[in-house]
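In what follows, a structure is listed as structure tokens, so that the remarks can point back to it.
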Amino acid sequence: MTKVAVVTGGTRGIGADITAALVKDGYKVAAFYFGNEEAAQACAKATGASIYKVDVTRYQDCMDACVQVEKDLGSIAVLVNNAGKTNDGMMHKMGAEAWDDVISTNLTSCFNMCRSVINGMRERGYGRIINISSVNGQKGQFGQTNYSAAKAGMLGLTKALAMESAAKGITVNAICPGYIRTEMTGKMKPEILEAIVKQIPVGRLGTPEEVAAAVVFLASDKASFITGSTLSANGGQYMS
Ligand code: CAA
């Protein structure tokens, strides 16, 4: 039977490539988006994925959206928590709203979505949850106390939920992409990005396809003995 996958932030950046790769691998994909209607329509047209406009920072909206996906497409087997944003600035200049914004979009959303699918996965005895964290959650990053905290929080959530879910046939893993060529890194000052690329042994930014390939693997039955793990995809920038 065709498995159903939900990808948050699934119509732009790394998420759009995750959606495309999962569709190509035979999944029915529900791609969640929030801000950019045009990109969402383009992604649906290009991949055939179903798109859902959901504010993943809101618990009840996530719950309702997952019920709707299950009505439309079937039981959710795979959840990819990819929605994320940056709001960079040094701590001594950061307002509370930049903190809340980044924590709620990257980390609270991960709780909201996991909570929305976990009971169904437990009842069915099967599930794959893949959390897209970041190299900056592993090593910290100048100007990103909010983002580094949120992404590190996702790693803790991954491990704890993996423990709780292992006996129920559910794996929970994290991927930590490094610096990937997307809109997010495109917004950085070129000289800062250049300095970071110099720290990447592979000598270049990663591609969204390279992250998507790791998601497809962790979602597959071939990865059934892997849970609670953190897979780095960072060109060697940080080896943990
Ligand atoms: N390490 C050490 N010092 C640094 C530094 C660094 N990485 N970056 C800046 N500084 C220093 C500057 O040289 C400057 O020093 P002086 O005052 O002595 O000249 C001081 O810190 C202040 O720097 P700025 O003038 O640049 O300060 P700003 O407030 O204008 O900008 C910032 C600060 C927005 C955080 C900027 O440094 C920045 O954009 N940093 C990059 C943050 C980053 O890596 N973001 C990643 C986005 S992509 C992503 O997050 C995806 C993912 O998962 C990997």
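The values are calculated or read from the model by the stated rules, or taken from the named source; none is laboratory data. Just so you know, these numbers come straight off a predicted model, no measurement behind them. FYI the Cβ positions are ideal-geometry reconstructions off the backbone, even for glycines, and counts take in every protein chain you see. Ligands, DNA and RNA are excluded from the accessible area calculation, which covers all protein heavy atoms including side chains. Shrake-Rupley method; radii C 1.70, N 1.55, O 1.52, S 1.80 Å.
Whether any residue in region 104-117 is open to solvent by less than 30 Å² (accessible area, probe 1.4 Å), free of Cβ contacts under 8 Å to residues at least 60 places away in the same chain, under 14 Å from the mean Cα position of the chain (by Cα) and away from the ligand (no atom under 16 Å from the Cβ) is what I want to check. Checked region 104-117: at least one residue is open to solvent by less than 30 Å² (accessible area, probe 1.4 Å), free of Cβ contacts under 8 Å to residues at least 60 places away in the same chain, under 14 Å from the mean Cα position of the chain (by Cα) and away from the ligand (no atom under 16 Å from the Cβ).
The set of residues in region 183-206 that are under 20 Å from residue 231 (Cβ atoms), modelled with pLDDT of 95 or more and in contact with a Ser or Thr (Cβ under 9 Å, 6 or more places away or on another chain) contains only 205.
Please work out which one of (1) near the ligand (Cβ under 10 Å from one of its atoms); (2) farther than 22 Å from residue 14 by Cβ is the condition residue 126 fails and give its number. Just one mismatch for residue 126, condition (1). Where residues in region 138-153 are within 8 Å of the ligand (Cβ to nearest atom) and buried (at least 16 other Cβ atoms within 10 Å of the Cβ), which of them is nearest to residue 82 (Cα to Cα)? Across region 138-153, the extreme among qualifying residues is 151.
Within this structure, residue 183 fails the test of being surrounded by fewer than 13 Cβ atoms within 10 Å (Cβ to Cβ), within 16 Å of the ligand (Cβ to nearest atom) and over 18 Å from residue 9 (Cα atoms).
So that you can scan it fast, the table gives a plain yes or no per residue for (1) free of Cβ contacts under 8 Å to residues at least 24 places away in the same chain; (2) surrounded by 13 or more Cβ atoms within 10 Å (Cβ to Cβ):
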| position | (1), (2) |
| --- | --- |
| 155 | no, yes |
| 158 | no, yes |
| 163 | no, no |
| 189 | yes, no |
| 204 | no, no |
| 215 | no, yes |
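Among the residues of region 143-196, those that are within 21 Å of residue 77 (Cβ to Cβ) and of a type in the set (Ser, Thr, Tyr) comprise 158, 165, 171. Of the residues that make up region 86-100, is at least one open to solvent by less than 40 Å² (accessible area, probe 1.4 Å), under 27 Å from residue 233 (Cβ atoms) and in contact with a Ser or Thr (Cβ under 8 Å, 6 or more places away or on another chain)? Within region 86-100, none of the residues are open to solvent by less than 40 Å² (accessible area, probe 1.4 Å), under 27 Å from residue 233 (Cβ atoms) and in contact with a Ser or Thr (Cβ under 8 Å, 6 or more places away or on another chain).
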